[in-house]
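Notes follow once the structure below has been shown.
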Amino acid sequence: MKTNHTSRKVSPESEIKFTGIELKAPTSYAAGMLGVKVALEHSFKEMGVARSFQALAKMNQKEGFDCPSCAWPDPENRSKLGEYCENGAKALAEEATTKRVDAAFFQKYSVEELSRWSDYEIGKSGRIEAPMFLAEGSSHYQPISWEKAFEIIAEELDQLNNPNGAIFYTSGRSSNEAAFLYGMFARAFGTNNLPDCSNMCHESSGVALGETLGIGKGSVKLEDFYEAEVVLILGQNPGTNHPRMLSALEKCKQNGGKIVSINPLEEAGLVRFKNPQSVGGVLTSGTAISDVHIPIKINEDVALLKLIMKKLAVLAEKDPSVFDHSFIDKFTVGYTSFLSHLASFSEEELLARCGVSEDVINQTVALLAKNKKIIVCWAMGLTQHKNGVENIKECVNLLLLKGSLGKPGAGTCPVRGHSNVQGDRSVGIMHFVNEDLNERIAEVFKFTPPIEEGYDTVRAMEAMHEGNAKVFVGLGGNFVSAASDTYYTAEAFQNCNLTVQISTKLNRSHLITGKKALILPTLGRSEHDKKDGELRFLTVENSMGKVHRTRGVLEPASDWLKSEPEIIGGIANAYFKGKHSVDWLGLSSNYSEIRNKMSEVLPSFKKVEENSKEGGFYLPNNVRELDFSHLPEGKAQFSNCELPEHELVEDEFLLMTIRSHDQFNTTVYGLNDRYRGVYNERRVVFMHPSDMKKIGVERLEKVNLISNYDGKRREALQFLVVPHKIPKGNLAAYFPETNVLVPYNRYADKSYTPISKSIKVTVEKSVV
Ligand SMILES: Nc1nc2c(c(=O)[nH]1)N[C@H]1C(S)=C(S)[C@@H](COP(=O)(O)OP(=O)(O)OC[C@H]3O[C@@H](n4cnc5c(=O)[nH]c(N)nc54)[C@H](O)[C@@H]3O)O[C@H]1N2
Ligand SMILES: Nc1nc2c(c(=O)[nH]1)N[C@H]1C(S)=C(S)[C@@H](COP(=O)(O)OP(=O)(O)OC[C@H]3O[C@@H](n4cnc5c(=O)[nH]c(N)nc54)[C@H](O)[C@@H]3O)O[C@H]1N2
Ligand SMILES: [Mo]
């Protein structure tokens, strides 16, 4: 299938090629020496030995740079052996590769040809060296000067008859300074169209936590893990996506804590961890992580949590200390209504929906009944469903019953995705309007910000598709592949007059474009960012609300790169041509001045310049203080959540689209998913052996996955069946390949997060 665009016949999907699959037994532990070996192999291959050691020694150290992978916080006492994990090393190797995408590369390959490459091949081509322009009707990108590139953007922005015709997307790798400047420029231009990757990610957490506890972020600090008595981990695969979390869980276990994993898959990192930084971890069998594993069916977490709380309520009738009544009385509202709503569900119905043995549930209930220092962690397995917001509200209900908030060893822990996705939001990347923020912007920057709500990612897709938005600018990310409904999103992009990507590496959003397209290459986190010979630093915020400095250590990939703040300043300057209350060029090249402005505009960033030194500072968090004064009745809110409905017909499955061990979102590092035993192939679908028998397919047989919403057939063709320990009726496959199946108009209520973890599909044998 091709989509036509002027003279370019580009494909939103790569050509289907099989890469030589090998299956082994899934691994029963995470990390270990093999993890170290794989990490170093990736580093040496991409960066060479000397550069690898130079950079790895500084990653996540106080005087170094923040890992570009996940947002897990750094411990106070950082390991001198290296404070990074296998997948952090892979992320660094990807960014600090010595391969280059230069003008000759773009001369050699047309955009049409590149669009048939796999994401793996596209990514491996190297770092982008210089600004490139794809002119209307042209088949190849051509080099362009920075000045001319900025002028093209300014002209296209100028031609819009409404500022809401421009979209300013952000991916969570930007610094606070870049994101702050970007948000201010969008508002100065006149729009709140600031969608960002968190709309597809933890937006459900933000909405649920905001409504129930008054802050859209988690409440725990890293140290709380060391004290916790029970940690519940729902819908998260830390062994792959947040490997340094395993060290915290190991410490929790060593201090007597218990861990319950709630996941359709028995992910290796949740079974056992061999800490590569300790002698014991290398030589022995490591630490068992989960005490209880509940192989919940996809999207039945609400049923499970309800059943757990019903059982706790029965125990609490005999022993009131099972619930924290003084906490409930003092800090919460809605308890009585919550209990009577809970009573309306039958234990039998709930148990049947979970599809697990009552025994594992009873073990969990026993742990929760006698302990009060409880942490609940979650990630995409909870947020990316139609009821994503309610999934999280149900977790909050449990913590409220137990009084497990605002005390050491207890609280909420939405485990964030991108390394600075939380910071970007804190400094003003949001599509909705915050009146207080607008007032301060007006005061400090002397312009009036717009008051109309902007587009999130779903509404941005729709606006481009319908022709209401004509210019797209991406501060990082890969919108075309990351967003749902790949063909719809591709058409949306192709409706634009101009698409601009501020990027480090080549990706599909450079190939599926508007009539004209620009690639603006930028410095990575690991690189020197110098002005007048002086090294500069930026700041980021981790998953637990701590803001700290980051400063790169490597020579930049090319002399033509600009930093993100300077690119944004360049665009703003070309657009306003000096006729604006803000000196965009001056501000963008002086990071201390950007931070001063952040201090003035954002109350929680007061004194960010000095406080970000030495490991950083925590932003205010009302849950830690048990201050719910700005919520209705001044209290934390219990919620009455309903069970989700999927109405599967006879031969339908629920599919979750997940990450392999060798990828970072749409960036494919390699073709192995070592922990799940899949080597050298990504076009696979995991299926329970009895389902394979039921529909008559063999191991490694080729099948097509079909979703059927609103009468529209969407197909992901030719996937190899891999038998796996997964609940019956459930399937798993990797994204972005399966994003073709997710309808653009199916998302979580209130948060608009696409339903990437519960897509109804049928499986057909492939005739190819
Ligand atoms: N190496 C690496 N690190 C990453 C990323 C990466 O791609 N690679 N991505 C980053 C980003 S942006 C993010 S958001 C995070 C993502 O981190 P995760 O959320 O861990 O990523 P996913 O692969 O989407 O895994 C979701 C997990 O939820 C489970 N799950 C799916 N559906 C359900 C359900 O209905 N209920 C329950 N209980 N479990 C379910 C799946 O089996 C899987 O284990 O990781 C970040 N870190
Ligand atoms: N089906 C399905 N879809 C999903 C998900 C899912 O689980 N299933 N997960 C969703 C989630 S959680 C997320 S967060 C989104 C991710 O959506 P995005 O954030 O848009 O996608 P990424 O793949 O992380 O973006 C990778 C690109 O960022 C650029 N980049 C890397 N580092 C830098 C940098 O330092 N600066 C700049 N300017 N650019 C940089 C590179 O060019 C790289 O190609 O995808 C979502 N999509
Ligand atoms: Mo994410």
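Among residues of the range 208-239 being hydrophobic (A, V, I, L, M, F, W, C), within 23 Å of residue 263 (Cβ to Cβ) and touching a Phe, Trp or Tyr at 6+ places or on another chain (Cβ under 9 Å), the one that is nearest to ligand 2 (Cβ to nearest atom) is 234. When the residues of the range 197-228 are filtered to those that are within 13 Å of the chain's Cα centre (by Cα) and hydroxyl-bearing (Ser, Thr, Tyr), which remaining residue is nearest to residue 172 (Cα to Cα)? Once the filter is applied, the top-ranked residue is 198.
Inside the range 403-429, residues that are surrounded by fewer than 24 Cβ atoms within 10 Å (Cβ to Cβ) and farther than 19 Å from residue 620 by Cα make up a count of 1.
Answer yes or no as to whether residue 740 is within 26 Å of the chain's Cα centre (by Cα) and touching a residue at least 40 places away in the same chain (Cβ under 8 Å). Answer is yes for this residue.
The residues of the range 553-593 that are open to solvent by 60 Å² or more (accessible area, probe 1.4 Å) and under 29 Å from the mean Cα position of the chain (by Cα) amount to a single one, 555. Counting only strands (runs of 3 or more DSSP E) that sit wholly inside the range 667-768, those with at least 3 residues that are open to solvent by 10 Å² or more (accessible area, probe 1.4 Å) and at negative phi are 702-709, 712-723, 759-765.
The condition of being hydrophobic (A, V, I, L, M, F, W, C) and more than 25 Å from residue 167 (Cα to Cα) holds for only one of 523, 554, 518, that being 554.
Residue-level analysis places residue 650 among those that are more than 28 Å from the chain's Cα centre (by Cα), away from ligand 3 (no atom under 16 Å from the Cβ) and either assigned by TED's automatic domain parsing to the domain that holds residue 66 or open to solvent by 20 Å² or more (accessible area, probe 1.4 Å) (or both). Of all the residues in the range 399-422, those that are more than 14 Å from ligand 1 (Cβ to nearest atom) and farther than 14 Å from residue 224 by Cα number 5.
Among the criteria (1) more than 15 Å from ligand 3 (Cβ to nearest atom); (2) farther than 21 Å from residue 237 by Cα, the one residue 393 does not fulfil is (2).
The condition of being closer than 21 Å to residue 496 by Cβ and of a type in the set (Asp, Glu) holds for only one of 439, 435, 443, 452, that being 452. Has the range 404-424 got any residue that is under 23 Å from residue 540 (Cα atoms) and among the hydroxyl-bearing types (Ser, Thr, Tyr)? Yes; the residues of the range 404-424 include at least one that is under 23 Å from residue 540 (Cα atoms) and among the hydroxyl-bearing types (Ser, Thr, Tyr). Pairs are defined by a Cβ separation below 6 Å, a sequence spacing of at least 6 or placement on different chains, a first member in the range 165-186 that is under 16 Å from residue 589 (Cβ atoms), and a second member that is open to solvent by 10 Å² or more (accessible area, probe 1.4 Å) and not in a helix (DSSP H, G or I); the pairs so defined are 175/538; 177/538. Do you know which residues across the range 335-389 are within 16 Å of ligand 2 (Cβ to nearest atom) and open to solvent by 60 Å² or more (accessible area, probe 1.4 Å)? The answer is 386, and nothing else.
Of 642, 625, 614, all but one fail to be at positive phi, touching a residue at least 24 places away in the same chain (Cβ under 8 Å) and acidic (Asp, Glu); the exception is 614.
Of all the criteria given as (1) of a type in the set (D, E, K, R); (2) within 23 Å of residue 29 (Cβ to Cβ); (3) over 27 Å from the mean Cα position of the chain (by Cα), the one not satisfied by residue 676 is (3).
When the residues of the range 193-216 are narrowed to those that are part of a loop (DSSP other than H, G, I, E, B) and buried (at least 24 other Cβ atoms within 10 Å of the Cβ), which ends up nearest to ligand 3 (Cβ to nearest atom)?
Once the filter is applied, the top-ranked residue is 201.
Selection of first residues in the range 33-61 that are without any contact (Cβ under 8 Å) to a residue 40 or more places away in the chain and of second residues that are hydroxyl-bearing (Ser, Thr, Tyr), restricted to Cβ pairs under 6 Å at least 6 apart or on distinct chains, gives the following pairs, ordered by first then second residue: 44/52; 60/84. Here the condition is being in contact with a Leu (Cβ under 9 Å, 6 or more places away or on another chain) and either on the phi > 0 side of the Ramachandran plot or more than 16 Å from ligand 3 (Cβ to nearest atom) (or both); of 539, 499, it holds for 499 alone. Among residues of the range 155-175 being polar (S, T, N, Q) and more than 16 Å from ligand 2 (Cβ to nearest atom), the one that is nearest to residue 463 (Cα to Cα) is 164.
I need the full set of residues from the range 244-262 which are open to solvent by 10 Å² or more (accessible area, probe 1.4 Å) and outside any strand (DSSP E or B), in order please.
Within the range 244-262, 244, 247, 250, 251, 253, 254, 255, 256 qualify.
Please tell me if residue 596 is surrounded by 18 or more Cβ atoms within 10 Å (Cβ to Cβ) and modelled with pLDDT of 95 or more. Criteria not met by residue 596. All of 352, 369, 442 fail the test of being more than 28 Å from residue 479 (Cβ to Cβ), touching a helix residue (DSSP H, G or I) at 6+ places or on another chain (Cβ under 7 Å) and more than 16 Å from ligand 3 (Cβ to nearest atom), apart from 369. Looking across the range 37-81, just one residue is away from ligand 1 (no atom under 16 Å from the Cβ), open to solvent by less than 10 Å² (accessible area, probe 1.4 Å), closer than 17 Å to residue 616 by Cβ and not hydrophobic (A, V, I, L, M, F, W, C), and that is 64.
The values are calculated or read from the model by the stated rules, or taken from the named source; none is laboratory data. Please read all numbers here as calculations on a predicted model, not as lab measurements. A quick note on method: Cβ atoms are made from the backbone with ideal geometry, for glycine too, and the neighbour counts reach across all protein chains shown. Protein only, heavy atoms only, side chains kept; ligands, DNA and RNA dropped before computing areas. Shrake-Rupley method; radii C 1.70, N 1.55, O 1.52, S 1.80 Å.
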